[in-house]
Amino acid sequence: MVLAAAVAVALAAGCAAPNTAGFTVGVEADAEGNLQDVLQVDNAKVARLLTVEDLIVGQTRNGLMKANVKLTSRMNKTYTAQSKFAWFDEDGVEIDPDGDPWRPLVLHGKETKTIQGVAPTAGAASFKLRIRAGERTRWIVD
């Protein structure tokens, strides 16, 4: 969709920024308070392996912001990554930065998954879903 096209454009432009090891997708409010899609690519390799298919923002019955981000793996084999939601107030200040841990994200060949998140407080006005490369885990059985 539109966000998938934005990922391709950002990759073609070679956009990069410090401090993350993957890419960030989300929404933030503009000067008039309207939500705008956000895409930041910090690791072109990670961004090439995943496609953002859809981004849906809504509210729970309790008035908390919720987000659904649909990702598809472009690989034929299993890809391991990590994801983490960051929630921001109307001033752009991150709410409880240590509250949501990095979570494993495993996508099998060409699989599509929807990552869901709910804001920790009603004061959340925007969010970002951060994706970074994960580590492969070996199971050792005695």
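Side notes on the structure shown:
- Residue within the range 94-114 that is β-branched (Val, Ile, Thr), in a loop (DSSP other than H, G, I, E, B) and surrounded by 12 or more Cβ atoms within 10 Å (Cβ to Cβ) present: no
- Restricting the first member to the range 49-77 and to residues that are within 14 Å of residue 87 (Cβ to Cβ), and the second to residues that are assigned to a strand (DSSP E or B) and of a type in the set (Gly, Ala, Ser), the beta-carbon pairs closer than 6 Å and six or more apart or on different chains are 57/67; 66/58; 67/117.
- Test: residue in the range 5-21 that is at pLDDT 85 or above and surrounded by 15 or more Cβ atoms within 10 Å (Cβ to Cβ): no
- Hits in the range 42-59 (condition: in a loop (DSSP other than H, G, I, E, B) and among the basic types (Lys, Arg)): none
- Criterion applied to 76, 68, 62 was being touching a Ser or Thr at 6+ places or on another chain (Cβ under 8 Å) and either more than 17 Å from residue 121 (Cα to Cα) or at pLDDT 90 or above (or both), and the one residue passing it is 68.
- The condition of being surrounded by 15 or more Cβ atoms within 10 Å (Cβ to Cβ), closer than 17 Å to residue 35 by Cα and either modelled with pLDDT of 90 or more or aliphatic (A, V, I, L, M) (or both) holds for only one of 55, 49, that being 55.
- Selection count, the range 28-38, where residues are closer than 27 Å to residue 80 by Cα and either crowded, with 19+ Cβ neighbours inside 10 Å or of a type in the set (D, E, K, R) (or both): 1
The values are calculated or read from the model by the stated rules, or taken from the named source; none is laboratory data. Source: prediction; values computed, not measured. Cβ: placed from backbone, ideal geometry, glycine included. Neighbour counts: every protein chain shown.
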